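The block underneath contains the structure these notes are about, expressed in structure tokens.
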Amino acid sequence: MAGSETQLTSGDGRSVSRREPGGGLAVALWATLRRDLLLLMRRRSEVLNPLVFFALVITLFPIGISPDPQLLATIAPGLLWVAALLAALLSLDSLFRGDYDDGSLEQLLLTPQPLPMLALAKVTVHWLLTGLPLALMAPVLGIMLSLPAGSYLVLAFSLALGTASLSLIGAIGAALTVGLSRGGVLISLLVLPLYIPVLIFGAGAVQAAVVGDGAAAHLAILGALLALSLMLAPWAIAASLRISING
Amino acid sequence: MGMIWSFIHKLGSPKWFYGISARLMPWFWVAAVALILVGSAWGLAFAPADYQQGNSFRIIYVHVPAAFLAQSIFVSMAVAGLVYMVWKIKVADMAAAMMAPLGAAMTFVSLFSGAVWGVPTWGTWWMWDARLTSMLILLFLYLGVIALRGAFTSRDSASRAASVLAMVGVINIPIIKYSVDWWYTLHQPATFTITGRAAMPMEMWAPLLIMVLGFYSFFIALTLMRTRSEILRRESNKRWVRDLAGETR
């Protein structure tokens, strides 16, 4: 893990000590995490925009359908999940865009560390600053849609679990389209069909909690979907990034 | 083992594929036309009417083969994508590119015939039935692969990106299918469901089997034909293609 000390002998015989940057995978992962977090914290609007979008879309539904609390309560689980899913989708395009434009993505490909792991670190940051805030904000919007009491914890937890899968799957789409100048709409076409299982079990969990059925089965499947995407998505993201860079 | 490898390498050569497909293609066209003619005549005119659905059940002779093809073509596309990514066999990618529109068309045919069948059976053009919903999602997956391939300017990137997406899609198809089934059983509306498919008499399923085989032959014949023209298009600056054009001119 620690940086290795190498003794170099310069021309006049003096020995120069040079500290090489540390090699291990953990160091690289930590550095990627820190760098991405720092970059995103400097561009706060990119973090805030999906949240504002989420709140706005939720505001549209009572206006477009009806302010009737009973009607809203029945459709609230689905509405909250769909709106959060779209908000997460919106933020995907910027996942690799900045790094692609300034060339640091190429540097990432050139590192001796395995690319799938580094991609996983980037996706983790994306989830920390998009999926997790969306999950934490959802209960507040649930109140506005008169979501029945007792389902708020399940709502936040299912969103936190589900958006992690969404970030992983969505990153494949983002990596495939990062080299294209107009990848914005294309990415939704690629990614939305793959989001459907997560939506079914996420909204299903909240629905089950509302009815009082117990959401454990739904949450367990959401966890299984996350485990599967954690296992497979990083490889697909890495392969897609290589295609986009070498293309 | 050596023989298999040399066979695979030969298969990878567009020129060899162009030659062998010219000999195979007519057989598949003959089989496709014959089977589809026999199957539709038998199924539409001679098979007995269903005791519950009357004559409207006959749409399965188009609907079921189209649905089979829609799913098989996506799997073939993903397998071709894998072959292209692993062994860099260009013919596999050309075939995958040529299959995609046919797969999307077959998905549309199965959706459309399902909707038409819904009118006499459910009294409506569209129900959020589990199978129809899965098919609709499959159509979107096809459109995604086709759109992604079209979005790249470099052909090599387009091929590799479409291959990756087809493989990601094929892993997701069973997950989507099972989750849609689960979703549907939770929200089961009171509808007519077909039961006892296994009890279908021979006079009904024999034409269906013939139609399925006919549709598969049609798929193979059309893919061979379109791959051949794609080979000529992509290899148009190769000597053997120029020689070929010189001969026929």
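Summary of computed values
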quantity	calculated
1.4 Å probe accessible area per residue over segment A:39-186, in Å²	43
Binned Cα-Cα distance frequencies in chain B - 5 Å width, integer %	1, 6, 11, 14, 16, 15, 13, 9, 7, 5, 3, 1, 0, 0
Stretchable slack from B:Ile20 to B:Val79, in nm (0.36 nm times residue separation minus alpha-carbon distance)	19.2 nm
Helical segments meeting 27 Å axial Cα length and Kyte-Doolittle -1.0 threshold in chain B (DSSP H)	B:14-41, B:60-87, B:90-122, B:130-151, B:155-186, B:202-234
A:Met144 paired with B:Ala245, simple spin-label distance in nm, labels 7 Å along Cα-to-beta-carbon	6.2
Student exercise, the protein assembly as shown dipole from Lys, Arg, Asp, Glu Cβ charges, in Debye to nearest 20	1440
P(r), alpha carbons of segment A:197-245 - 10 Å bins starting at zero, rounded %	26, 34, 22, 14, 4
Apportionment of accessible area to carbon and sulfur, the protein assembly as shown, percent (1.4 Å)	69
Per-residue HN-Hα couplings for segment A:176-182 [Karplus 6.51, -1.76, 1.60; θ = phi - 60°; Hz; x = Gly/Pro]	5, 9, 5, x, 8, 6, 10
Spatial separation of Cα centroids for segment A:127-177 and segment A:35-62, in angstrom	12
Selection from A:Gly24, A:Ala233, A:Ile143 lying farthest towards where the dipole of segment A:23-246 points positive, charges on Cβ	A:Gly24
Whole-Hz couplings from phi, Karplus 6.51/-1.76/1.60, listed for segment B:44-51; x for Gly and Pro	7, 10, 9, 5, x, 6, 6, 5
Per-residue average of Cβ from other chains inside 10 Å of A:176-185	3
Cα-derived Rg over Rh, computed across segment B:1-95 with Rh taken as Kirkwood radius	1.16
B:Ser56/B:Leu186 FRET efficiency (R0 25 Å; Cβ-Cβ; nearest 0.05)	0.30
Cα convex hull volume per residue for segment B:108-238 (Å³)	147
Computed [θ] at 222 nm, helices only, for the protein assembly as shown once each DSSP H run of length n ≥ 4 contributes -39500 (n - 2.57)	-27000 deg cm²/dmol
Relative contact order (percent, whole number), chain A, Cα cutoff 8 Å, 6+ residue spacing	21
Size of the A/B contact, given as accessible area buried on both chains, probe 1.4 Å, in Å²	2200
20 Å Cα-Cα reach of B:Lys15 towards lysines, excluding residues that sit fewer than 8 places from it in its own chain	B:Lys88, B:Lys90, B:Lys238
Estimated FRET transfer efficiency (A:Leu25, B:Phe112; beta-carbon r; R0 56 Å; 0.05)	0.60
Residue mean of other protein chain beta carbons inside 10 Å, A:193-203	6
Where the Cα pairs of the protein assembly as shown fall when distances are cut into 20 Å bins, in %	19, 45, 29, 6, 1, 0
Modelled FRET efficiency - R0 45 Å, B:Ala49 with A:Ile65, Cβ distances, 0.05 increments	0.50
Kirkwood Rh and Cα Rg combined as Rg/Rh, chain A	1.10
Residues of segment A:175-216 with amide N under 19 Å of a point placed 7 Å along Cα→Cβ from A:Leu109	A:175-183
In Hz, Karplus ³J(HN,Hα) per residue of segment A:211-217 (6.51, -1.76, 1.60; θ = phi - 60°; x = Gly, Pro)	6, x, 7, x, 9, 4, 4
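The values are calculated or read from the model by the stated rules, or taken from the named source; none is laboratory data. Here the structure is a predicted model, which means the values were calculated and not measured. As a convention, Cβ positions derive from the backbone with ideal geometry for all residues, glycine included, and neighbour counts pool all protein chains shown. Heavy atoms of the whole protein, side chains included, go into the accessibility calculation; ligands, DNA and RNA do not. Shrake-Rupley method; radii C 1.70, N 1.55, O 1.52, S 1.80 Å.
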